[in-house]
1. Once R0 is set to 35 Å, what does the formula 1/(1 + (r/R0)^6) return for the Cβ-Cβ distance between Glu317 and Glu56, expressed as a FRET efficiency to the nearest 0.05?
2. Please work out which option in (i) -0.23, -0.41, -1.25; (ii) -0.39, -0.62, -1.30; (iii) -0.27, -0.49, -1.36 gives log10 I(q)/I(0) by the Debye sum over Cα atoms at q = 0.06, 0.08, 0.14 Å⁻¹ calculated from these coordinates, and answer with its label.
3. Pick from Ala271, Ala156, Ala110 the residue whose mean-square fluctuation is largest in a GNM of the chain, springs joining Cα atoms under 10 Å.
4. In the range 133-217, what GluC sites (Glu not before Pro) fall in a loop by DSSP, with at most 15 other Cβ atoms inside 10 Å?
5. Under 23 Å Cα-Cα from Lys115, which lysines qualify once same-chain neighbours fewer than 8 residues away are excluded?
6. With contacts defined as alpha carbon pairs under 8 Å and 6 or more residues apart, what's the relative contact order of the range 73-307 in percent?
7. Based on DSSP H runs of at least 4 residues, each adding -39500 (n - 2.57), what is the mean residue ellipticity at 222 nm of the chain after dividing by all its residues, to the nearest 500 deg cm²/dmol?
8. In nm, give the distance between the simple-model label positions of Arg357 and Lys216, each being 7 Å from the Cα along the Cα-to-Cβ direction.
Amino acid sequence: MGAIKNARHPFYDHCHQALDQIKHQGRYRTFTPLARQAERFPLYEEAVRDLPQGREVIVWSTNDYLGMGVVPEVQDAAIAAIREHGAGAGGTRNIAGTSPLHTQLEAELASLHGKEAGLLFISGYVSNQASLQTILTSMPGWICFSDRLNHASMIAGIKGARGSQTVIYEHNDLKDLEEKLAAAPKDAPKLIAFESVYSMDGDISDIAGTCALARKYNALTYLDEVHAVGLYGQEGGGVSQRDGVADQVDIIEGTLAKGFGVHGGYITASAEIVDFLRSTASGFIFTTALPPPVVAGALASVRKVRAENWRRESIFERVNTFRHRLRAAGVPFTMTPSHIVPIPIGDAECCKRICRRLLTEYGHYATPINYPTVPQGTERLRLTPGPFHTDEMMDDLINALGVLLREEGIMPARQAACSAA
């Protein structure tokens, strides 16, 4: 009897074909190894093989918007915690993984947003996915009204809620939202899921208007403040705090990885809602808790950000200065009401090419934003100038952008297709 020959599993061929298609469409993602320099932020050390080793690079696409991850007090808190508690949590929150640091941080976040309670998750993605899926499977007949441009983590949670109905309303369009709310069965449990700052376009939602509709149609509100916490509001509580409407939102979700510069996600809400999610959300229950050093660093960061308003003032001064310099140089950008500065390109390959040349020829790192993150034809650079970017850094980047955009045929007055490579 001959030896049995193992057949190649078809999934291998599927992977090969799918990757070929992704590359052909210009959607293939590559990672640039960068070593963050804590004492010289926003300078990073380049580690790309075709560049001189150790070359310094200025990063313009970090989500550590305020640079809190390199603040000495935040680092010291994390270091002290690792000495006292060790590197990891040692278990889930239910199995020896809840330290006093976890409960202190949850209380601090609840206070920040004016809510009764808070709950930590392993990441911002998980806090959205787990919370929305758990809520929308909790009772029969849920209808979720979701903004068309909601983050992938929110969409994952909504799609994962079997048995619920999803209604997509046009982005930031309250008229469309009300029409859809009015058309829904009056007695069906409803939830409106939306964001405050939309990270790719940099626009901001009308939270007060959305909450007014929620009251009118008896809907729960779920607000993602991921790109706003730390930066907006008197204490960094986000756009809802800035606008004085946080008390009108049922559930506020945020992250510790952007404006606070560390890691982790969270939700804040009434004590009942938080206790329900703590008791039923699989994404919270069945995973190891955030490491104590991370929690300690985040706690120090949140407290510092709440107390130091100058950090918020500083980032918006830098953003306004950057826009003024872009305008003076004739470099096209999309004006937004937030801290995010998109540079429209309109072509995936061109977008990647510009970013590659910015890095290799000029020492500036910017991330290309392509489909499916944004619709095809709206590809862009997403820049986030922060408190540590100097005028000289800005001028150097803008001069480089001017050269590259002219060479690619992108004129200030319009968004043109790129020339062939």
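1. The computed FRET efficiency comes out at 0.90.
2. Among (i) -0.23, -0.41, -1.25; (ii) -0.39, -0.62, -1.30; (iii) -0.27, -0.49, -1.36, the one calculated here is (iii).
3. Ala271
4. When the GluC sites (Glu not before Pro) of the range 133-217 are filtered for loop state and at most 15 Cβ neighbours within 10 Å, Glu170 remain.
5. Lys190, Lys216, Lys258, Lys304
6. 32 percent
7. It lands at -12500 deg cm²/dmol.
8. It works out to 5.0 nm between the two label points.
Since every read-out is calculated from the coordinates, none of them should be taken as a lab result. Quick caveat, the model's predicted, so the values are computed rather than measured. Neighbour counts are summed over all protein chains in view; Cβ atoms, including those assigned to glycine, are modelled from backbone coordinates with ideal geometry.
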